[in-house]
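Read the figures in this text as sums done on the coordinates, not as results from a lab. These numbers come from a predicted model, not from an experiment. Glycine gets a Cβ as well: all are built from the backbone with ideal geometry, and neighbour counts include every protein chain shown.
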Amino acid sequence: MNVCHDRGWTFIEMLIAMALSLLLTLLLVNSWQVNYQAFKQTSQLAEMQQSGQFVLGFFQQELLNQNFWAGADPRLLHPAGLHVQGDCRSALDSGSFPKNAMVFVPVLSGIVGAAHTPDCLTSAHKGSAFLQLKRLAGAPLTAAAAKNNRVYLQQQGRSYRFVSQASSAAATYWPYLHQLFYVALQSQGRQQVPVLMRKRLVRQASGQLTMDTDSVLDGVEMMHFEAGIDSNFDGQVDYLSDVAQVSADVWQQRSGQVLQLRFYVLVRSVMPDNTYTNVQQYTLGKRLFQAPGDHYRRLLVSSAVTFHNY
């Protein structure tokens with residue numbers, strides 16, 4: 001009798017132990033899920049913070065020296081007989097260089113798909129903004145110090161002209177930048193990832209000028225810009241306008257000039273988190289972006305840069 005009694009309690013103890021083990025396992029699994037979700041959230045937030053800081057510094061640096069022309073007036077630069085493969089022209093702008101009967105525009109922005117969208121933006125994400133910048137960069141060089149992969153603005157006294165190769169020892173050569181920034185979607189595995197892209201003027205080893213394309217930063221979903229406009233050419237910003245509302249005469253510096261850009265950049269996590277649903281609304285200046293209820297976290301960053309180079 002005592003043996004049977006001992007075996008019965010042993011069986012019950014086993015059931016209790018199994019139940020406790022199952023409960024402990026469930027608690028451990030739940031704890032792991034909670035910790036994993038917290039880790040994933042923290043990782044994505046840190047990733048977006050890092051991307052936000054990068055894009056802020058990137059655009060601030062690019063815009064800081066905008067409008068620098070070493071004393072030249074970009075409206076009076078001579079037409080250049082240089083051909084650029086895949087050049088970025090638009091209804092308002094001649095492209096990389098001045099052309100006869102066309103206006104050379106140093107700063108141009110708008111919404112992809114608008115009438116003045118540069119024709120090179122065939123893969124840009126419609127609805128986001130583009131930004132085109134042209135300026136001189138760096139210190140002046142002599143003909144001997146000029147590099148073969150750059151384009152220069154040649155200065156001889158008060159005469160300026162664009163050249164693809166330095167030739168005159170008596171001239172000064174200023175490195176020239178033509179860049180265009182936009183957002184495009186790229187396939188990465190099963191995901192469509194928005195990427196900040198850049199096109200820039202380069203000179204290939206063959207001597208051919210082309211607009212080279214490269215990616216700058218993954219996870220940039222949308223950009224938007226507002227222009228600070230000097231309407232009376234006194235060097236002071238008079239009003240701020242959404243770039244979609246800026247007239248052709250202002251972009252072409254006939255009835256004003258752009259002296260400031262305020263930019264808004266919406267950064268998105270690269271990978272989704274199925275435990276998170278985003279239904280937030282983001283304000284990019286006068287433009288609103290409504291998250292479509294997907295599983296991506298987003299972060300909005302913004303800043304403004306005034307051009308102090310004339």
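Structure remark: mean-square fluctuation, Gaussian network model of the chain, C-alpha springs under 10 Å; the largest value among Gln188, Gln260, Gln49 belongs to Gln188. Sequentially through the range 77-91, phi angles give Karplus couplings (6.51, -1.76, 1.60; θ = phi - 60°) of 5, 6, x, 10, x, 10, 9, 10, 5, x, 4, 9, 9, 8, 5 Hz, Gly and Pro residues having no value and appearing as x. Mind checking which lysines have their C-alpha under 28 Å from Lys147, skipping anything on the same chain fewer than 8 residues away? Lys147 reaches Lys99, Lys134, Lys199. Helices in the chain, meaning DSSP H runs of at least 4 residues, each add -39500 (n - 2.57). Divided by all residues, the mean residue ellipticity at 222 nm is -8000 deg cm²/dmol.
Per residue, the convex hull spanned by the Cα atoms of the range 83-169 amounts to 121 cubic angstrom. In this calculation the C-beta distance from His295 to Leu23 is compared with R0 = 30 Å, giving a FRET efficiency of 0.45. Ordering Val279, Val105 from the fewest to the most neighbouring beta carbons within 10 Å gives Val279, Val105.
Given R0 = 25 Å, the distance between the Cβ atoms of Leu185 and Ala114 translates into a calculated FRET efficiency of 0.85. Comparing mean-square fluctuations of Ser31, Ser159, Ser215 from a GNM of the chain with C-alpha springs under 10 Å, the top value falls on Ser31.
In this rough spin-label picture, where each label sits 7 Å from Cα along the Cβ direction, the Phe233-His308 distance is 2.4 nm. Cα-based values for the range 36-306, radius of gyration first and Dmax second, are 20.1, 66 Å. Count Lys and Arg as plus one, Asp and Glu as minus one, and take only other residues whose Cβ is under 10 Å from that of Leu108; the net charge is then 0.
Which angle from 0 to 90°, rounded to the nearest 10, does the C-alpha axis of helix 2-64 make with the longest principal axis of the chain? Result, in degrees: 10. Note on Ser247 and Asn149: the model spin-label points, each 7 Å out from Cα along the C-beta direction, lie 4.4 nm apart. Only Cα pairs under 8 Å and at least 6 apart count here; give the relative contact order of the chain as a rounded whole percent. Here the relative contact order equals 17 percent.
Between Met223, Met48, Met14, the GNM of the chain built on Cα springs shorter than 10 angstrom shows Met14 fluctuating the most.
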